[in-house]
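The values are calculated or read from the model by the stated rules, or taken from the named source; none is laboratory data. Because the structure is predicted, anything quoted here is derived from the model rather than measured. Note that we place each Cβ from the backbone using ideal geometry, even for glycine, and neighbour counts take in every protein chain shown.
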Amino acid sequence: MRPMRKSARARGAEWALEVFDRAPYVTVSMTRPDGSPYGLPLSLVRKDDVTFYFHCAREGEKIDCLRRSPVVSLSAVSRCSPRYEAEKNNFTEYYRSAVASGTAEFVTDPAEKIEALRLLCMRFLPGYMEHFDAAISRSLDITEVVRITLTEPPVGKEKP
């Protein structure tokens with residue numbers, strides 16, 4: 001691993017988890033069946049210090065990737081502020097970012113699926129929870145829920 005420049009500070013797991021919580025999307029990277037990389041921004045929610053969830057259709061490229069290899073990498077940026085610093089004649093960017101590695105599993109237990117979907121709705125659309133039960137009754141059987149369990153503590157970086 002390359003040493004960090006002085007302007008970037010490494011941060012611990014708790015701080016990195018806050019970056020994930022604040023990021024509107026988290027890029028989840030995985031491996032395609034042919035071995036090539038595949039990454040895409042997803043709406044994730046964190047349940048605890050090691051568990052994240054996302055939902056999707058029951059078929060598609062990410063499903064094929066995860067069936068082949070459940071190992072994933074997560075990355076998020078919760079703040080990004082490009083700047084020109086006239087006094088230094090310098091272009092730079094101030095940011096907060098986090099990365100983590102984990103293993104993805106398809107959730108099969110209906111109670112856990114509902115819990116994960118409730119967490120997702122509470123994070124992204126809390127003002128519409130009165131519609132949650134009706135949506136679950138219509139779509140639970142056709143919705144895939146994926147649990148990502150971190151396999152090592154997340155790390156973060158920032159340039160304040």
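Among the residues of segment 54-76, those that are hydrophobic (A, V, I, L, M, F, W, C) and under 14 Å from the mean Cα position of the chain (by Cα) comprise Phe54, Cys56, Val71, Val72, Leu74, Ala76.
Taken over segment 15-37, the residue count meeting the criterion of being more than 16 Å from Thr103 (Cβ to Cβ) and either touching a residue at least 24 places away in the same chain (Cβ under 8 Å) or surrounded by 13 or more Cβ atoms within 10 Å (Cβ to Cβ) (or both) is 13.
If I filter segment 71-86 for residues that are farther than 29 Å from Arg11 by Cα and either in contact (Cβ under 8 Å) with a residue 60 or more places away in the chain or out of contact with any His (no Cβ under 6 Å at 6 or more places or on another chain) (or both), do I get at least one hit? Show your work before the answer.
To start, the set of residues in segment 71-86 that are farther than 29 Å from Arg11 by Cα comprises none.
No, because not a single residue in segment 71-86 is farther than 29 Å from Arg11 by Cα and either in contact (Cβ under 8 Å) with a residue 60 or more places away in the chain or out of contact with any His (no Cβ under 6 Å at 6 or more places or on another chain) (or both).
Taking every residue in segment 120-141 that is within 20 Å of Phe106 (Cβ to Cβ) and in a helix (DSSP H, G or I) and pairing it with any residue that is modelled with pLDDT of 95 or more and charged (D, E, K, R), at least 6 positions away or on another chain, the pairs with Cβ-Cβ distances below 8 Å are Leu140/Lys113. With respect to the conditions (1) in a helix (DSSP H, G or I); (2) loosely packed, with under 11 Cβ neighbours inside 10 Å; (3) modelled with pLDDT of 95 or more, Lys62 falls short on a single one, namely (2). Residues in segment 21-66 that are in contact with a helix residue (DSSP H, G or I) (Cβ under 8 Å, 6 or more places away or on another chain) and of a type in the set (Phe, Trp, Tyr): Tyr38, Phe52, Tyr53, Phe54. I'd like the residue in segment 65-107 that is touching a Pro at 6+ places or on another chain (Cβ under 6 Å) and assigned to a strand (DSSP E or B) and, out of all such residues, is nearest to Glu152 (Cα to Cα). Going through the qualifying residues, I end up with Ala100. Determine whether Ala116 is over 20 Å from Ala10 (Cα atoms) and loosely packed, with under 14 Cβ neighbours inside 10 Å. The answer is no for Ala116. Of all residues in segment 3-53 being over 12 Å from the mean Cα position of the chain (by Cα) and among the aromatic types (Phe, Trp, Tyr), which is farthest from Glu105 (Cα to Cα)? My answer is Trp15. Scan segment 129-160 for residues that are under 18 Å from Ala116 (Cβ atoms), surrounded by 11 or more Cβ atoms within 10 Å (Cβ to Cβ) and among the hydroxyl-bearing types (Ser, Thr, Tyr) and the total you get is 3. Checking each residue in segment 87-113 for being polar (S, T, N, Q) and closer than 28 Å to Glu14 by Cα picks out Thr92, Ser97, Ser101, Thr103.
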